[in-house]
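Taking it in order: structure first as structure tokens, then the write-up.
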Amino acid sequence: MQKVSLFIPCTVDLFLPEIGEATVAVLRRLGVYPVYHTEQTCCGQPAMNAGYRDQARKAAKHFINIFGDDDVIVSPSGSCVYMVTHHYPELLSDEPGWLRRAEELSGRVYEFTQYLVDVLGVDDVGARFEGKITYHESCQVLRGLGISAQPKKLLAGITGAEIVPLFAAEFCCGFGGEFAYNYNYISEEMVKEKAQHFINSGADVLTLCEPGCLLNINGYLSRHHPEKRVIHMANLLAGAGKEG
Amino acid sequence: MKIKTEQFNEVAKKEIKNEYARAFLGLLPPVISMMRKQVMASFPDPDAALAYGQAIRAEAVTRLPELLEEFEKNACAQGAQILWARDAKEANDMVLAIAKERNITYVTKGKSMVTEEMGLNDVLIREGIETYETDLGEFIAQQLGRPPFHIVGPAINVPVEEVCDLFMKKADMKTATTDPVELGYAARLFLRDKFHHIEMGITGVNMAVAETGTIINVENEGNIRFNKASPRTQVSIMSMEKVVPTMSDAMHLLRLLCRSCTGQKISAYVSMDSGPKKADEIDGPEELFIIIIDNGRSEFYGDFTAREALRCIRCGACLNICPVYSKIGGYPYGWAYSGPMGQVLNPLLLGLDKTQDLYRACTLCGACREVCPGGIDHPSLFLYYRAKDVEGDQKFKGKRRTWKEMRFFDLWTWAVAHGWFWNLGVKWVRPALNRYARAGVIHSMGRFFEGWFKERDFPAMAKKTFHERWKEKEEKAEPPA
């Protein structure tokens, strides 16, 4: 039985644990055995994005120490995977020993849908959803990791679901971590547009592979369009249909 | 030109409410960027064409010193005079000296961002030399006393009624009209008169070809050609990164530039000057000065990360795709260069201390990186600037952050690096945070994260985190055989 190490983003751990549980449920259904290192914390993305490289470097080393021996690491967050695969080698470029470990590790870290489709070769996980679904292409998932076909394949495999297009699906939702509250007046306009495109799509739910965008879009919908909601791909695929 | 980069938020908050400008800006990402994409598809292999252009720019930046010398040698051999300016003041003084030695009373100009960077117009006017911008948009922006709103359409945000008023007052227009053709005609009459008697024309440079000593200008209005062909004296000003190795490199970049800029395969006019008028030629300037300006670029050229910014060819594709620019327009960036292009260039040229918001007002979405024909990785540069600012780097004029923020990240990092402390921290923070929650949702946290909660909610911290749930259930479960 294939063993997979769960890389649960801190946002999921603390605020959206259902996404983590759904990830586990889908993996188990496919006969994969998930393990979880309880010493894991945060990948360091907030420090990296704020310019605190020394601090981000410490987070990177902690991550490498914990996950370093795992063969396959899977995470339900594109931006966290991007942090590990893209920014860790850059952060550790002056420390050859650490750099080697970071580079070796980066080839073994997968975004959740990428793992299901590219590694397991699955496109139907046996999920059911009655209704219309539309997909938001999160920036780090699409442009960072180049992942777009994989989630769409999995969506097409959901029984009962109708997939409808989202206008400007690849436009940023306006999250950007601290950008969302430091430049809220710009961020609000961006998320408002995203919400409007979602509503115009006629879909019942919007899905994505990035908890950051989920917090942002759902945060806006909760205030302005409470009848609408965003559901993480893992939850859709688990068939739970429960938002974070 | 006054530098207003420190007023980013103030201006952006005002501009984001400008409905007229927003209507235009809203079209940029879906329409203009789509036009670019469609015309890029006319390359047999668009990705390869983009990568080829990026490689040319990479080579040009890496070989910059030798290419500039080669360009100087070949341009001089063609009869051009090359002047090297260390900074804006030196360059302005050069233009002024050329004008004064020839008793020039007025000059006309083609659209040139580097002259905006130098603040050339202000200097010339102060010294009593009338200066006329001849690009229609730039002419309007100049008469209004505003900086360019967009690199390609400097006055595209100005309502036609305002243009009418302006032309009645300042461009000798006789009858009021909002017909764009009539307005264009009025500007043409006014400017043709200036061209008719022109003695000195000033232009920028899109590309300088090292191999041949040729300068290339790209435009759609024909005004740059007038500025180059009509006067006795032509002064063309370029920032030092405009040089490319060969004519064949220039031709490929030209194809990319026009596609990226306006969604055209080729612009209406492309002019190439290899030196001034030769003895057997019937038109062209009698003397050609090419001013190559550094203005701080050599300072960071030694930094291999920062100098990637010099790959920019000023096409504006990044502005058209940027989700932030398309909400606030060009004014908040406060200087010659706006959008992601300005966010990359302005901090290096003006200092990180004076451009704080430029490299922070970005979600790192990477849309600009994807379209950049120069191959600039804008998000990585913004992260680099943020890091240099946090470090208080002297060369880049980093400012350092508040003591409070720095201590916060230190504490946070200690928690991240110590799993047990992190998990203990969760137990402390949860009740403090969830104090604000109603039915599992936080609508406001008072003065904390005000920006977030203005239009958005946030989930309460889970009663049981994933970590706690796992510990309870899964850890006790038997591993599979």
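Bear in mind that the values in this text are calculations on the coordinates, not laboratory data. Note that the structure is predicted; figures quoted are calculated from it, not measured. Neighbour counts are summed over all protein chains in view; Cβ atoms, including those assigned to glycine, are modelled from backbone coordinates with ideal geometry.
Annotations for the structure displayed:
- Alpha-carbon Rg/Rh ratio, for region A:1-63, with Rh computed the Kirkwood way: 1.07
- Spin-label model distance (nm) - residue B:62 vs residue B:87, 7 Å beyond Cα toward Cβ: 3.3
- Amide proton proximity set for residue B:462, modelled H, under 5 Å, gap of 5+: A:15
- Alpha carbon convex hull of region A:36-88, projected area averaged over orientations, nm²: 3.5
- Positive-pole candidate from B:342, B:412, B:425, dipole of chain B, charges at beta carbon: B:425
- Prolate/oblate/rounded call for region B:190-252, Cα gyration tensor, a/c under 1.5 rounded: prolate
- Annotation: lysines with alpha-carbon distance below 28 angstrom to residue B:473 (same-chain offsets under eight excluded): A:3, A:242, B:427, B:463, B:464.
- Overall dimensions of region A:154-205 by Cα: Rg and Dmax, Å: 13.7, 42
- Projecting the Cα atoms of B:295, B:271, B:315 onto the dipole axis of region B:203-321, where Lys and Arg carry +1 and Asp and Glu carry -1 at the beta carbon, places B:315 farthest toward the positive end.
- Two-decimal log10 I(q)/I(0) for region A:3-117, as the Debye equation yields it once each C-alpha is a single scatterer, q = 0.11, 0.14, 0.15, 0.19 Å⁻¹: -0.33, -0.53, -0.60, -0.96
- Region B:403-473: Cα Rg divided by the 2.2 N^0.38 Å rule of thumb: 1.26
- Highest average first, the peptides B:33-42, B:315-324, B:226-235 ordered by how many other beta carbon atoms sit within 10 Å of their residues are B:315-324, B:226-235, B:33-42.
- Placed amide H near residue A:229: partners under 5 Å, 5+ positions off or other chain: A:206
- Residues within the reach of a label modelled at residue B:179 (point 7 angstrom out along Cα to beta-carbon, backbone nitrogen below 12 Å), restricted to region B:186-228, are B:186.
- Pairwise Cα distances in region B:1-84 exceed 17 Å in 74 percent of cases.
- Computed from point charges on the beta carbon alone (+1 for Lys and Arg, -1 for Asp and Glu), the dipole magnitude for the protein assembly as shown about its Cα centre is near 1800 Debye.
- Here the residues B:197, B:378, ranked from fewest to most Cβ neighbours within 10 Å of their Cβ, fall in the order B:197, B:378.
- Restraint check, A:132/B:17; B:327/B:395; B:89/B:242; A:192/B:454, Cα-Cα greater than 24 Å: A:132/B:17; B:327/B:395
- Chain B - charge dipole about Cα centre, Lys and Arg +1 at Cβ, Asp and Glu -1, debye rounded to 20: 2260
- The calculated FRET efficiency for the pair residue B:450 and residue B:102, based on their C-beta separation and a Förster distance of 60 Å, comes to about 0.50.
- Listed values for region B:229-238 are Karplus-derived 3J(HN,Hα) couplings in whole Hz (6.51 cos²θ - 1.76 cosθ + 1.60, θ = phi - 60°), namely 8, 7, x, 6, 10, 10, 10, 10, 10, 9, and x replaces Gly and Pro.
- Against the empirical curve 2.2 N^0.38 Å, the C-alpha radius of gyration of region B:354-481 lands at a ratio of 1.46.
- Residue B:437-residue A:94 FRET efficiency (beta carbon distance; Förster radius 45 Å; 0.05 resolution): 0.55
- For chain A, modelled as a GNM whose springs connect Cα atoms under 10 angstrom apart, the maximal fluctuation among A:40, A:150, A:196 occurs at A:196.
- For trypsin sites (Lys or Arg not before Pro), the sites in region B:85-143 that DSSP calls loop and that have at most 16 other Cβ atoms within 10 Å are B:86, B:102.
- Unit charges at the beta carbon, dipole of region A:95-244: most positive-side option, A:224, A:114, A:154: A:224
- Theoretical FRET efficiency, 1/(1+(r/R0)^6), r = Cβ-Cβ of residue B:162 and residue B:192, R0 25 Å, to 0.05: 0.60
- Cβ-placed point charges (K, R +1; D, E -1), dipole of region A:57-132 about Cα centre in debye, nearest 20: 300
- Per residue of A:14-26, other chain Cβ atoms within 10 Å of the residue Cβ number 4 on average.
- Only helical runs count toward this figure. For the protein assembly as shown, summing -39,500 (n - 2.57) over DSSP H runs of n ≥ 4 and dividing by all residues gives -13500 deg cm²/dmol at 222 nm.
- Computed over region B:210-322, Cα set: Rg, Dmax in Å: 15.7, 49
- Principal axis box of chain A, alpha-carbon based, largest edge first, Å: 52, 47, 27
- Comparing A:151, A:226, A:165 in a Gaussian network model of chain A where C-alpha atoms under 10 Å apart are linked, the largest mean-square fluctuation is found at A:226.
- Bins of 5 Å from zero: percent of alpha-carbon pairs in region A:123-238: 2, 12, 23, 25, 20, 11, 4, 2, 0
- Ascending count of other beta-carbon atoms within 10 Å, so fewest first, for B:177, A:159: A:159, B:177
- Across region B:311-323, rounded Karplus estimates of 3J(HN,Hα) from the backbone phi angles (6.51 cos²θ - 1.76 cosθ + 1.60, θ = phi - 60°) give 6, 4, 10, 6, 7, x, 4, 5, 5, 5, 9, 6, x Hz, Gly and Pro being marked x.
- In order along region A:164-174, phi translates into HN-Hα couplings of 10, x, 10, 4, 6, 4, 8, 7, 4, 7, x Hz, rounded to whole numbers, per the Karplus curve 6.51 cos²θ - 1.76 cosθ + 1.60 with θ = phi - 60° and x for Gly and Pro.
- Kirkwood Rh and Cα Rg combined as Rg/Rh, region B:300-391: 0.91
- Relative contact order for chain A: 21 percent, from Cα pairs under 8 Å spaced at least 6 residues apart, divided by residue count.
- Cα pair distances exceeding 44 angstrom across chain B, given as percent: 23
- Eigen-decomposition of the gyration tensor built on the alpha-carbon atoms of the protein assembly as shown gives equivalent ellipsoid semi-axes of 52, 27, 24 angstrom, largest listed first.
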